[in-house]
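The values are calculated or read from the model by the stated rules, or taken from the named source; none is laboratory data. Note that the structure is a prediction, hence the values are computed from the model and not measured. Reconstructed Cβ throughout: ideal geometry from the backbone, glycine too, with neighbour counts over all protein chains shown. Surface areas here come from the heavy atoms of the whole protein model, side chains and all, with no ligands, DNA or RNA. Shrake-Rupley method; radii C 1.70, N 1.55, O 1.52, S 1.80 Å.
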Amino acid sequence: MTFQAPDSLSEQIAQHLGQRIVTRELKPGSRIQELKVSGDLNVSRGSVREALLILQRRHLVDIFPRRGAVVSSLTVASVNNLYDIYIDLLCMLGRKVIERWSGDELGGVMRRVREVDAVIHAVNSTGPDAAEKVIDAGFGVMRYAYELVGNPFLEETLENFRPAISRTYFAALESFREGIDQTALFFQQLGEAALSGDADRLQSAICAFGEHQRQQILSILREEESA
């Protein structure tokens, strides 16, 4: 039996605030006031302070002396830095899946890919929560891959990047609704490559989709800068 402790209060607060940042309810540059958050959520300021430190480690807020916590900005440099390392980490995860597992385990990958496809076809692409549902379904495939690979260091590193990636992915899907169909195609290619044991094909699919996402968010940032 595996014991799993419930998330701490600080982690719950961090997830709550992080989701508001990902969905752009809290916009870049917005100040997050400890006193207001503690009052709104009926929690201690100490718990909020710890939550903000968690969000700082996840690259969603910056904390400045005397100013406190501010929602971090997305910049061309930060997006490029993020995708440079994230694409490589995903490729590593994919290679490890193919190296260590085959047969029934990889069939499980396909089942989760079909779940992503089902979510994509079930949601209305113009609905307000479509992007969130698609993102969550996609990360479900990653969580299954973690179980197959069994590398806690790789899992922890990728999970620490997940909020920042979710933030860019959400922005891209909100601006480019056709990206939902592109996501379905990517996961189909991913599953087929894993099932066939073709590491090169899998890596190619990851790199192509990652670069596609990078260019979408960069185009959004450049448009905002020129506005």
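Under the condition of being within 20 Å of the chain's Cα centre (by Cα) and not aliphatic (A, V, I, L, M), the residues counted in the range 54-70 number 5. When residues in the range 63-73 are screened for being open to solvent by 40 Å² or more (accessible area, probe 1.4 Å) and more than 22 Å from Gly46 (Cβ to Cβ), 1 of them pass. Filtering the range 25-36 to residues that are surrounded by 12 or more Cβ atoms within 10 Å (Cβ to Cβ) and either in contact with a strand residue (DSSP E or B) (Cβ under 6 Å, 6 or more places away or on another chain) or over 16 Å from Leu60 (Cα atoms) (or both) leaves Leu26, Pro28, Ser30, Arg31, Ile32. Looking at the range 178-227, which of the residues that are touching a helix residue (DSSP H, G or I) at 6+ places or on another chain (Cβ under 7 Å) and basic (Lys, Arg) is most open to solvent (accessible area, probe 1.4 Å)? Step by step, filter the range 178-227, then rank; the result is Arg201. Would it be correct to say that Leu55 is surrounded by 12 or more Cβ atoms within 10 Å (Cβ to Cβ), modelled with pLDDT of 90 or more and within 24 Å of Gln215 (Cα to Cα)? No: the conditions fail for Leu55.
Across the range 180-189, a minimum of one residue is classified as over 24 Å from Arg95 (Cβ atoms) and part of a helix (DSSP H, G or I). Right, Pro152: surrounded by fewer than 17 Cβ atoms within 10 Å (Cβ to Cβ) and under 19 Å from the mean Cα position of the chain (by Cα) or not? Considered against the rule, which asks whether it is surrounded by fewer than 17 Cβ atoms within 10 Å (Cβ to Cβ) and under 19 Å from the mean Cα position of the chain (by Cα), Pro152 comes out as yes.
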